[in-house]
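Report on the structure given below.
Every read-out reported here was derived from the displayed coordinates using simple, explicitly stated rules and does not represent laboratory data. Since the structure is predicted, the reported quantities are computational estimates derived from the model, not experimental observations. Glycine also receives a Cβ, built like all others from the backbone with ideal geometry; neighbour counts cover every protein chain displayed.
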Amino acid sequence: MTTIPEKEKKAVDLLKYVEVIALLAKESELKKEFLKDSKVELKALSAFLEITDIQSAIFCVILSLNFGHTAVDLDDIAGYIGCSPMSVLVYMPEMDELLNKKIISFHENSQSRSRMGGFNINSIKFYVNREVLDSLMKGVKPKKRTIEIPDVYALMSHLTRIFSDYNDGEYIRSELFREIQGVLNINKELPFLKGLEEHSLSNEDKIFFLLLCTEFFGEEESTDLIEAIRFMYAEIGERMRVRKTFLRGSHGLIKAGLVKLDDGHFRSDKRVSLTESGIELLLDDDKDLAFGDKKKKKKNSDILASGIVPKELYFSGKETKSLEFLTDILKPENTANLVQRMKDSGMRTGVAVLLYGPPGTGKTESVYQLARTTGRDIHMISISETKSMWFGESEKLIKKIFDEYRTKVEKSKVAPILLFNEADGIFGSRKKIGSSAVDQTENAIQNIILQEMEDLQGILIATTNLTQNLDQAFERRFLYKICFEKPDIQARIRIWMDKIKGLSVVNARQLSQSFELSGGQIENVARKCLLQQLLYGSFPSITEIETFCREEQITRAGMQKIGFTREPVETNFRITG
């Protein structure tokens, strides 16, 4: 006789209890008779989930409704238990408790939410968390995850992860708020958080300040005000309200003396940064050390050739041939000979290369692989580094970039690559004489770059998506210009099979013929497939993969993510449970 393992038996019992409770709750208005009839099942489920009987009843109703709807609102719940929507409001504290314990989650309609963390009745939709459902099916209690954070550095690292996940679409805004509030509640004894509480800020101002703190830890002296507001608020009305309070000096963070506004970079708007008081609150005894680091420390923009991971790239044909030719030229043993021959012929010895084409076609990755193959480090230039809030500083900055690169070339056995990524930001068409002071400054920067390209000793590579914006004077100074086009069907087939191991040729061909995606977009779809497999234990069907492809096309056509996505540093806090 086969014996059913205890855990499996318990799981079967629990699922049966959920079914019984849900059936008895229908049209019951959750009255005393219902609680009496389902007493045994409610007690067992409540003990398992560590919640009250009425919370267990609400949980079962939501779970039952979830089978017909992705998420359910208060009207759905009222209709199921047979009472008016107003009557359901009495159970909101119970639902709050289920949300706090992460038994259920809610989704807010961005069109109808009013303020961060605030409830708008018409916008709330609930669903049972997958982890809880898995626990029921396995008969194992959900693990309590307690985030133990020892100091402010670990806190900032953890918050950076949360903000990055939010930017990547892992949270909606209300969930971001709830997730951060949970972390703050657990770690409220941290000196930094104690000090923050003394300022009596609203919850949304507190989270805004934490966002700016993570930017500060990420080596950003200041943050674009519009981008920060856009990151935090979905609605135009909310964005305008918050921006107005900043510009008028009435925002809670400005009145508390924690942040200040600075002039923007090449634009009429503002940047927001921590004041000395804000930094003092954040770092306490380490303030002087941090200021010293800020003055001396410079972001390391060098990418070592030895640290670049090999990656297979697939192109339609001519890109491969051009890149192979360029790789041969940049191999140190060949370059030395070519430079000497050009010198002897009275020619310029610098090599400037332009890689252009649509986003996601492999331009930047091609530079990485070229650097790895030829053993050349990359000196990466961020476009923002070439612009300064002070008139005249930008010209000095761009001059300094080339001076530093010259020094690197002189000190290196193998000249590194000077990489300007997304170069149309500074290599664009020059402005007409008589234009604004900003335009004149940008023209001055471009004139410096043009002269530096004439005198270049080494290798400069620029990538751009928008060649129509490229100034003709720059175009003439590029020795090689390589066009990257979207991959054809054959190239897409190879990319699909490389990114999704085990995908059949038939399915790869079907996807390639149906969707004209770039290599970057195909990689995004492959990542979604992997995430689904990790979460749900099964690989997506071809129909689901096609859905991911359609989503990717919509995302690329109509959405653009902004800032706050840097990789967080590793730290020593623990998640236990």
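Only counting other Cβ atoms within 10 Å, I'd like CYS83, CYS60, CYS483 sorted with the fewest neighbours first. Intermediate values should be presented prior to the final figure.
Details: CYS83 18, CYS60 24, CYS483 13.
Exposure proxy ranking, most exposed first: CYS483, CYS83, CYS60.
Would you kindly derive the ³J(HN,Hα) couplings of segment 221-228 from the backbone phi angles with the Karplus curve 6.51 cos²θ - 1.76 cosθ + 1.60 (θ = phi - 60°), listing them in order in whole Hz, with x for Gly and Pro?
5, 8, 10, 4, 4, 5, 5, 5
Can you bin segment 444-484 into rounded, prolate or oblate? Criterion: square roots of the alpha carbon gyration tensor eigenvalues sorted a ≥ b ≥ c, rounded for a/c under 1.5, prolate for a/b above b/c, oblate for the rest. Please report the intermediate quantities before stating the final value.
On the way: a/c = 2.11, a/b = 1.30, b/c = 1.63.
It is oblate, given that a/c is not under 1.5 and a/b is not larger than b/c.
Which pairs in the list LYS36/LYS102; LYS16/LYS499; LYS270/LYS400; LYS396/LYS481 are over 30 Å apart, alpha-carbon to alpha-carbon?
Details: LYS36/LYS102 27 Å; LYS16/LYS499 41 Å; LYS270/LYS400 26 Å; LYS396/LYS481 28 Å.
Violating the 30 Å limit, Cα to Cα: LYS16/LYS499.
Placing one identical point scatterer on every Cα of segment 305-358 and ignoring solvent, what is log10 I(q)/I(0) from the Debye formula at q = 0.13 Å⁻¹?
-0.47
What does a probe at GLU280 reach in segment 229-255, counting residues whose amide N is under 20 Å from the point 7 Å along Cα→Cβ?
Answer for this model: 252-255.
Rounded to the nearest 0.05, what FRET efficiency do VAL414 and SER316 have when you use their Cβ-Cβ distance and R0 = 35 Å? Numbers along the way, then the final one.
Numbers: r = 31 Å, r/R0 = 0.88.
Efficiency computed from Cβ-Cβ geometry: 0.70.
Please arrange PHE126, PHE216 by how many other C-beta atoms lie within 10 Å of their C-beta, fewest to most. All intermediate terms of the calculation are to be shown ahead of the outcome.
Working: PHE126 25, PHE216 21.
Fewest-to-most ranking of PHE126, PHE216: PHE216, PHE126.
So what's segment 489-558 giving for Cα Rg divided by 2.2 N^0.38 Å, two decimals? Numbers along the way, then the final one.
Details: Rg = 11.2 Å, N = 70, 2.2 N^0.38 = 11.1 Å.
For segment 489-558, the normalised Cα radius of gyration is 1.01.
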